[in-house]
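Just below is one structure, and these are the notes that go with it.
The values are calculated or read from the model by the stated rules, or taken from the named source; none is laboratory data. In this text, all values refer to a predicted model and were calculated from it rather than measured experimentally. As a convention, Cβ positions derive from the backbone with ideal geometry for all residues, glycine included, and neighbour counts pool all protein chains shown.
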Amino acid sequence: MVELPFNGESMRVYPSKIVCLGRNYAGHAVEMRSEVPESPIIFLKPPSALIGPGEEIVIPEKSREVHHEVELAFLISKKAKNVKVERAMEHVLGYTILLDITARDLQREAKKKGLPWSVAKGFDTFAPIGPRIESPDSIEPDALEIGLKVNGEVRQRGNTRDMIFKIPEIISYISSIMTLEPGDIIATGTPEGVGKIEPGDVVEAWIEGIGTLRERVRKATP
């Protein structure tokens, strides 16, 4: 559970699930040597992966290649099941930034073997969010600059207008498979430029209208 500012108050964030989209930007699909999807690709992160602003991303001993992925995320406001596209935005509580931290070497190995890759996405601290939750009335989610720096160097820079599947489609698709509960988090995919992070790095992820999420990186202690 983390706490984030929302409408002048502090809101506790502890979702029943974190649903993430893969390859929702064509540029990222290309850099991952994957096809651009015809329908949304989704996977889950556990709520235990959440950390808030100013905390530390921990590099696990099991991985030697951990990557950053900056994403626009939103929280669900009310129960959603089989939601029509035209009614989907009624279920958005607000927007924030999520870092989809990924053990790329473990993911690559699992893909090669045809196995699930939950391990690569699910380590503790692998879902930093923040710095706040912005109201749906305050920003236009389809035209926001999104980017990430590591130690001051720009690694990722894009715009949410380049998302293949927009938020109404995403909500409608996911809710046709699983019921979305209030407080659930959906992360909408990352633009190209993902790369490795190391212990000692400072990661700064920003989205226009939301702010900057800053986290330090450290190695796991035995």
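Go through the range 153-170 and give me each residue that's hydrophobic (A, V, I, L, M, F, W, C) and either over 15 Å from the mean Cα position of the chain (by Cα) or not in a helix (DSSP H, G or I) (or both). Spell out the reasoning first.
Quick first cut of the range 153-170, residues hydrophobic (A, V, I, L, M, F, W, C) only: 154, 163-165, 167, 170.
If the condition is that a residue be hydrophobic (A, V, I, L, M, F, W, C) and either over 15 Å from the mean Cα position of the chain (by Cα) or not in a helix (DSSP H, G or I) (or both), then 154, 163, 164, 165 are the ones that fit.
Looking at (1) surrounded by 20 or more Cβ atoms within 10 Å (Cβ to Cβ); (2) in contact with a Pro (Cβ under 9 Å, 6 or more places away or on another chain), find the lone condition where residue 141 falls short.
(2)
Here's the yes/no breakdown for (1) of a type outside the set (A, V, I, L, M, F, W, C); (2) surrounded by fewer than 16 Cβ atoms within 10 Å (Cβ to Cβ); (3) within 15 Å of residue 174 (Cα to Cα); (4) modelled with pLDDT of 90 or more:
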| residue | (1), (2), (3), (4) |
| --- | --- |
| 2 | no, no, no, yes |
| 12 | yes, yes, no, yes |
| 22 | yes, no, yes, yes |
| 28 | yes, no, no, no |
| 43 | no, no, yes, yes |
| 54 | yes, yes, no, yes |
| 57 | no, no, no, yes |
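Suppose we filter 63, 39 for residues that are of a type in the set (S, T, N, Q), over 16 Å from the mean Cα position of the chain (by Cα) and buried (at least 17 other Cβ atoms within 10 Å of the Cβ); which single one remains? Before the answer, list the steps.
Details: 39 fails: buried (at least 17 other Cβ atoms within 10 Å of the Cβ).
From the options 63, 39, the qualifying one is 63.
Determine, yes or no, whether residue 72 is out of contact with any Asp or Glu (no Cβ under 9 Å at 6 or more places or on another chain), aliphatic (A, V, I, L, M) and closer than 28 Å to residue 151 by Cβ. Quick ask: steps written out before the conclusion?
Working: out of contact with any Asp or Glu (no Cβ under 9 Å at 6 or more places or on another chain): yes; aliphatic (A, V, I, L, M): yes; closer than 28 Å to residue 151 by Cβ: yes.
Taking the combined requirement at face value, the residue satisfies it.
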